[in-house]
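The values are calculated or read from the model by the stated rules, or taken from the named source; none is laboratory data. For clarity, every value in this text was computed on a predicted model and none was experimentally measured. Positions of Cβ are generated from backbone atoms using ideal geometry, with glycine treated the same way; all protein chains shown enter the neighbour counts. The accessibility values were calculated without ligands, DNA or RNA, using every heavy atom of the protein model including side chains. Shrake-Rupley method; radii C 1.70, N 1.55, O 1.52, S 1.80 Å.
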Amino acid sequence: MVIYNWDARTSKIAIAGIFMALFLGFLNIESLKESSLDYLILNTYGNLNINEIKYVVPVLIWLLSQVTLMYLTGNIIPQQLSRHAIYIFTRTKERQKWILYSILQLLLYTILFFTVQFVTFGALFSFFSINLKFSIIPILIELLLIILYHFMILLIMNFVSLFLTPTMSFSLVTLFIMITIFAVGGSYLFNSNLLVITKYLPTLQPLFLWHDSVLVLPYKNISSLYIVEGMSISFSFSYMSICCCAVILLMKAKIEKMDIL
């Protein structure tokens, strides 16, 4: 079985990634001219100004990449099940291969979407910037964080889609993400004691600049930088990896149950 092939959906994801990077880049056109590439990428993809959450628009901009990828790939597994149910459920060996293939496909789509964005962002930076120095390690860490996070979100959405319609699952997952973000913003403004749960919220794990790490120190001059105490980068990788494994096991169990029924 071919793990990956370039099809119409792949083209849409690559094109969407390019346009997303262009949109976010031109939103930061002034910073693009003077800031370093790592500062720009981390502030665009790995940060959310906690003081501006209440204004909604910054949150919607931050959600744009997530919503786009969810729209393009959020129901692949249920869609394939409905189209090829007879083939999948009548061949046990092929069913196991299909589950693995579908999961890998989601991961590869996610890698493509954000790699294209970061490369396009880098191209914009090299064209406009007068400061070509940057640190590559924070950029790579943020890329891995954001890929793992969105892979987790896509797994969750595909799992929910096994029970509900694609539209309902898309709406529920998006609503959950927004509620958790606005809950953190509200807690910061009105009851900071509730912020202790921030470390354990899945939606905040890809925010590199919120991590309690020495790698964040060079960016401490960013206005309203909020550090979550105890949320290390290794914690986020472990947390999201465990979540991915748990959802994969639940999805497999659900599909096996559908087979029996």
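S187 - would you say it is touching a Leu at 6+ places or on another chain (Cβ under 7 Å) and closer than 20 Å to I227 by Cα? Before the answer, list the steps.
On the way: touching a Leu at 6+ places or on another chain (Cβ under 7 Å): yes; closer than 20 Å to I227 by Cα: yes.
So S187 passes the test.
Taking the stated definitions as given, is L175 touching a Leu at 6+ places or on another chain (Cβ under 9 Å), among the hydrophobic types (A, V, I, L, M, F, W, C) and under 22 Å from I76 (Cα atoms)?
no
The rows are residues; the columns are (1) closer than 21 Å to I61 by Cα; (2) open to solvent by 70 Å² or more (accessible area, probe 1.4 Å); (3) over 20 Å from the mean Cα position of the chain (by Cα).
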{"residue": "F151", "(1), (2), (3)": "yes, no, no"}
{"residue": "V160", "(1), (2), (3)": "no, no, no"}
{"residue": "F163", "(1), (2), (3)": "no, yes, yes"}
{"residue": "P166", "(1), (2), (3)": "no, no, no"}
{"residue": "L172", "(1), (2), (3)": "yes, yes, no"}
{"residue": "F176", "(1), (2), (3)": "yes, yes, no"}
{"residue": "F182", "(1), (2), (3)": "yes, no, no"}
{"residue": "S192", "(1), (2), (3)": "no, yes, yes"}
{"residue": "T198", "(1), (2), (3)": "yes, no, no"}
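Given L124, L144, L106, L132, which one is of a type in the set (A, V, I, L, M) and modelled with pLDDT of 95 or more? Give the steps one after another, and end with the answer.
Working: L124 fails: modelled with pLDDT of 95 or more; L106 fails: modelled with pLDDT of 95 or more; L132 fails: modelled with pLDDT of 95 or more.
Criteria check complete, one pass: L144.
Would you pick out the residues in region 205-261 that are open to solvent by 10 Å² or more (accessible area, probe 1.4 Å), under 17 Å from the mean Cα position of the chain (by Cα) and among the aromatic types (F, W, Y)?
Passing the criteria: F235, F237, Y239.
Tell me the helices (runs of 4 or more DSSP H) entirely within region 1-102 that contain at least 1 residues that are modelled with pLDDT of 85 or more and of a type in the set (K, R).
Values: elements: 8-27, 29-34, 37-45, 57-73, 76-89.
Passing ranges, in order: 8-27.
Taking only region 187-228 into account, find how many residues are among the polar types (S, T, N, Q) and free of Cβ contacts under 8 Å to residues at least 12 places away in the same chain. Talk me through it step by step, then tell me what you get.
Here is the first cut: in region 187-228, the ones among the polar types (S, T, N, Q) are 187, 191-193, 198, 203, 205, 213, 221, 223-224.
If we keep only those that are free of Cβ contacts under 8 Å to residues at least 12 places away in the same chain too, we end up with 187, 191-193, 221.
Going through region 187-228 one residue at a time, the tally reaches 5.
For residues that are farther than 23 Å from M240 by Cα and either among the charged types (D, E, K, R) or open to solvent by less than 20 Å² (accessible area, probe 1.4 Å) (or both), tally how many sit in region 94-121.
Matching residues across region 94-121 total 4.
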